[in-house]
Amino acid sequence: MATYVNKRTAHRWRTLALMLTAVFFAFGSFWLLQAFDSDDGPSVANNLNEPDYIVENFSFVRMTESGVPRYVMSGARLAHHPDTDVSEVTRPVVESMAPERPRMTMHADRGQVYHGENRVELIGNVDIKRPATPNSEALQARTEALTVLVDDEIVKTSRPVQMTLGAATAHGVGLVAENPTQKLHLGGRGQIVYPPRPARASNRAPNQ
């Protein structure tokens, strides 16, 4: 009778040990799965933030519906991010080429191209140049940030601006320039300084 009890007790201990081992492996497997999931999460997010293509010394042309070049953008480096559809550009140059418009050229240290919005953000040492035309004077402006609406040919900023328009100089806070209409709005408490007019020559004869 004692031998039967010992065998039964031993059998119970073996069963309990097997159950504990199974539980241990189950929890171990769950922990490994969670660890792998936590490791994969940030890496997937990081992969989405990584550029899907990079172009060095690039140049591309945006065409109008009639097949005429609207503007040209070039730069030292372009990196496109697929998660936001935004391209980061190093040393961008944007040049408007719409027909019957004065050609406006813009330089900056870096830029961001929002492809879905046809918008370009120029950042750092932004320089704007527009040559003189029969209807308008030459324009040059400098600021630290500029929004370019490429389809509308409008540039604007809310930052301080230093500008030269013909022989006059101006400065203010905020600027909106419309290339199609050649209208210019200088915001804030801007000041415009015109050069002095040349003195008119006298028609009177000098005293004898």
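The values are calculated or read from the model by the stated rules, or taken from the named source; none is laboratory data. Computed from a predicted structure; not experimentally measured. Positions of Cβ are backbone-derived with ideal geometry, glycine not excepted, and every protein chain shown enters the neighbour counts. Heads up: the accessible areas ignore ligands, DNA and RNA and are worked out on the full protein's heavy atoms, side chains in. Shrake-Rupley method; radii C 1.70, N 1.55, O 1.52, S 1.80 Å.
List of remarks:
- Per-bin percent of Cα-Cα distances, region 48-92 [10 Å]: 28, 41, 28, 3
- Overall, the ratio between the Cα radius of gyration of region 66-150 and 2.2 N^0.38 Å, rounded to two decimals, is 1.13.
- Phi to ³J(HN,Hα) by Karplus 6.51 cos²θ - 1.76 cosθ + 1.60 over region 121-135, Hz, x for Gly, Pro: 9, 9, 9, x, 6, 6, 10, 10, 9, 9, x, 6, 10, x, 9
- When you filter the GluC sites (Glu not before Pro) in region 49-115 for DSSP loop state and at most 12 other Cβ atoms inside 10 Å of their Cβ, you are left with 65, 100.
- In Å², nearest 10: area of residue 139 left accessible to a 1.4 Å probe: 10 Å²
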